[in-house]
Amino acid sequence: MTGVSRNDLQSATLLQFDDNSLLPLLFGEHDQHIARIEQKLGVSIATRGNQVAITGPDAARDSAREALGALYERLKKGMNVDSHEVDAAVRLADAPAETPHAGADTLHAENLTIRTRRRQITPRSPRQAAYIQSLRDHDLVFGLGPAGTGKTYLAVAVAVEMLMARRVDRIILSRPAVEAGERLGFLPGDMREKVDPYLRPLQDALYELLPGEHVVKMLQSGEIEVAPLAFMRGRTLANCFIILDEAQNTTPVQMKMFLTRLGEHGRMAVTGDPSQVDLRAGETSGLHDACDLLAGMEGVSMVRFADADVVRHNLVTRIVRAYEARDAERRTGAGAPNGSAGGETA
């Protein structure tokens, strides 16, 4: 990043910030945030004092201006800005205008911020924003897409937020304990020790959102329950927020059983990656079946994430795209199987 020259001023989009003390945080150590925006949007950003000049293609300049403005507003509210937030601001600013919740102002929109005891969570892509809105507005939400898109984490975060606000009395987190059939007998230990490894990702999300002692107390009191899918049979779950993770590895019978547990004043989120089915060859995924059957039903929302929504390490996006390209090539050459091998941790 260089100083603003007269030529820059004549051809640039100009920004001026009123609080110089926030600029080191906005620009990043050694101007790394500025460099990241330049690289992702193909612009040049120069500064002098509290002025910023952005040069490059018109659309890219507008996206960079919007991203910097959103990050600055975030800092003014006392929130942090790191490389992940910079990527999120760029992703939101550069989204097509017709995309729901497009625009970097979504990054600090009050109505889309999830507040829990340990952190505030803001959407990092337009689809994450739409997903948060759906989780708040609909009784049944399907979050579909590849690993790293935040579909499970955001569902847990909204559930925690609703529990803290007493909009629900309990949170129930579930997933198929074993990818194909929940056959637990061969694993060592008692039932809790058998299922813990499969449910650990859901518990990890809880500890990120709530103080550890609160999680322990809520698990002991039953306000939060973490249980394998098989334990849902025969129950009616009222006044609960229920989340089924790794749903692509359910059968249609299991999925029907789970969906019909929804009781009065209940909320339900079903998350999974339809491309990562681990059932036996020829066995239909309950997630595929439910999405086909329930699409368009009143009260049901389906949010489909894509590789562009991956918010983990940049390499994860490239890995997802590489697998998708290979799978697409195989389908073209030999016909598509029901699901490809391999698991997914959301």
Self-check item: Fully extended contour minus Cα-Cα distance, from TYR323 to ARG167, at 0.36 nm per residue
Solution: 52.1 nm
Exercise. Using packing as a proxy for protection, rank 212-224, 61-73 so that the peptide with the highest average count of other Cβ atoms within 10 Å comes first.
Key: 61-73, 212-224
Practice problem: Give me the lysines in straight-line cross-link reach of LYS217: C-alpha distance below 28 Å, same-chain residues under 8 apart excluded. | Solution: LYS151, LYS194
Quiz prompt | 3J(HN,Hα) from dihedral phi, segment 115-127, Karplus parametrisation 6.51/-1.76/1.60, rounded to Hz, x for glycine, proline | solution = 10, 10, 5, 9, 7, 10, 10, 10, x, 10, 7, x, 5
Quiz item: What is the P(r) of segment 226-300, as percent of Cα-Cα pairs per 5 Å bin from 0?
Solution: 3, 16, 27, 26, 18, 8, 2, 0
Quiz prompt | Net length gained if the chain between MET79 and ASN50 were fully extended (0.36 nm per residue, minus Cα distance) | solution = 8.4 nm
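Coordinate-derived values only; no laboratory data. Just so it is clear, the structure is predicted and the values come from calculations on it, not from any experiment. We place every Cβ from the backbone using ideal geometry, glycine too, and count neighbours over all the protein chains shown.
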